[in-house]
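The block underneath contains the structure these notes are about, expressed in structure tokens.
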Amino acid sequence: MAAVVQAATGLGFALVLGPAVFALLEPESAIVAITVLGLALNGLVLFAERRRPHVVWPEVGPILAAALPGAVCGVFVLRALPKSTLQIAVGVAVLAATALRVRARARETEPTPGDPRARLALGFGSGTLTTSAGVNGPPIALWLAHRGLLPADMRDSLSAAFFGLGIIGGAVLAPVLAAAGADIDWTALAVGLGCVLAGHAVGRRAFAHLDGDRYEPLVLGLVTAAAIASIVAGLA
């Protein structure tokens with residue numbers, strides 16, 4: 001389901017999968033699973049659809065550049081906070097981001113050039129979320145939506161951003177997790193990769209038939225449901 005949602009919209013993999021993974025696994029193992037599976041899915045969107053991706057690099061490039069130091073900070077957050085706190089924090093952050101975007105849609109104006117400093121701050125925050133909570137999509141999606149990107153451009157730009165963040169997150173987390181002796185269930189990870197392949201195939205076709213007017217409301221509804229699930233899991 002998570003792979004179908006992201007392949008169809010460009011967003012939602014970690015938001016749908018994250019609460020369940022954090023509920024079943026320790027934080028370190030959950031982050032590894034989300035990072036590896038997300039990297040595979042976004043690679044499929046960018047490189048396995050026999051087309052040239054429409055990535056808006058002036059938006060994505062600065063975000064990725066600032067994400068590296070943020071990812072390093074995220075490791076300290078991951079090691080410092082208990083599992084329940086991370087779950088609740090993820091849910092609250094996602095709900096807040098969704099509320100902001102709903103408000104922005106109601107007051108929609110013409111896209112502005114955007115402050116370069118905002119892109120850097122967004123990249124740093126997304127990098128921190130990548131290695132601490134595994135949920136980095138809402139801030140980037142809100143920024144790109146506000147910039148007025150078309151659904152196809154937004155889907156590919158999100159995939160490129162998440163692919164880059166996955167590489168950064170993996171590089172930063174690898175030595176930390178090795179030193180911590182994180183117990184990774186490789187069999188479950190292999191099964192997850194198979195599900196990603198199937199989900200991408202379904203989601204790709206769904207995107208081709210997705211009405212542009214329904215694109216963002218669908219994403220916002222899924223984001224809200226995932227956020228509530230994360231908060232409930234943390235409180236439980």
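The values are calculated or read from the model by the stated rules, or taken from the named source; none is laboratory data. Keep in mind that what you see is a predicted model, and the values were worked out from it rather than measured. Cβ placement follows ideal geometry from the backbone for every residue including glycine, while neighbour counts extend to all protein chains displayed.
A few notes on this one:
- So LEU41, is it modelled with pLDDT of 90 or more and farther than 16 Å from LEU142 by Cβ: yes
- Candidates ARG107, ARG119, ARG155 - the one that is surrounded by 23 or more Cβ atoms within 10 Å (Cβ to Cβ) and not hydrophobic (A, V, I, L, M, F, W, C): ARG155
- Members of the range 211-236 found to be part of a helix (DSSP H, G or I), farther than 15 Å from VAL90 by Cβ and not aromatic (Phe, Trp, Tyr), listed by number: GLY212, ASP213, ARG214, GLU216, PRO217, LEU218, VAL219, LEU220, GLY221
- Residue ranges of helices (runs of 4 or more DSSP H) in the range 131-210 with at least 1 members over 19 Å from ILE63 (Cβ atoms) and not aromatic (Phe, Trp, Tyr): 151-180, 186-208
- Residue in the range 52-69 that is among the basic types (Lys, Arg), farther than 20 Å from VAL21 by Cα, out of contact with any strand residue (DSSP E or B) (no Cβ under 6 Å at 6 or more places or on another chain) and at pLDDT 85 or above present: yes
- With respect to the conditions (1) under 16 Å from GLY169 (Cβ atoms); (2) touching a Leu at 6+ places or on another chain (Cβ under 6 Å); (3) hydroxyl-bearing (Ser, Thr, Tyr), THR98 falls short on a single one, namely (1).
- Checklist (1) surrounded by fewer than 16 Cβ atoms within 10 Å (Cβ to Cβ); (2) closer than 23 Å to TRP186 by Cβ; (3) hydroxyl-bearing (Ser, Thr, Tyr) applied to SER29, failing item: (1)
- Residue match in the range 218-234 (condition: β-branched (Val, Ile, Thr), farther than 24 Å from GLN87 by Cβ and either under 17 Å from the mean Cα position of the chain (by Cα) or surrounded by 19 or more Cβ atoms within 10 Å (Cβ to Cβ) (or both)): no
- Just one residue in the set LEU68, LEU95, LEU17 is in contact with a Gly (Cβ under 9 Å, 6 or more places away or on another chain), in a helix (DSSP H, G or I) and surrounded by fewer than 21 Cβ atoms within 10 Å (Cβ to Cβ); that residue is LEU68.
- Test for PHE76: is it among the aromatic types (Phe, Trp, Tyr), touching a Lys or Arg at 6+ places or on another chain (Cβ under 8 Å) and surrounded by 13 or more Cβ atoms within 10 Å (Cβ to Cβ): no
- Of all the numbered requirements in (1) surrounded by 14 or more Cβ atoms within 10 Å (Cβ to Cβ); (2) closer than 30 Å to GLY194 by Cα, GLY114 misses one, and that requirement is (2).
Every residue, every condition in (1) modelled with pLDDT under 85; (2) hydroxyl-bearing (Ser, Thr, Tyr); (3) touching a helix residue (DSSP H, G or I) at 6+ places or on another chain (Cβ under 7 Å), yes or no:
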{"site": "SER132", "(1), (2), (3)": "yes, yes, yes"}
{"site": "ILE140", "(1), (2), (3)": "no, no, yes"}
{"site": "PRO151", "(1), (2), (3)": "no, no, yes"}
{"site": "ALA178", "(1), (2), (3)": "yes, no, no"}
{"site": "ILE184", "(1), (2), (3)": "yes, no, yes"}
{"site": "ALA229", "(1), (2), (3)": "yes, no, yes"}
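- Residue within the range 97-116 that is modelled with pLDDT of 80 or more and on the phi > 0 side of the Ramachandran plot present: no
- Selection status of ALA145, closer than 30 Å to ALA188 by Cβ, small (Gly, Ala, Ser) and surrounded by 13 or more Cβ atoms within 10 Å (Cβ to Cβ): no
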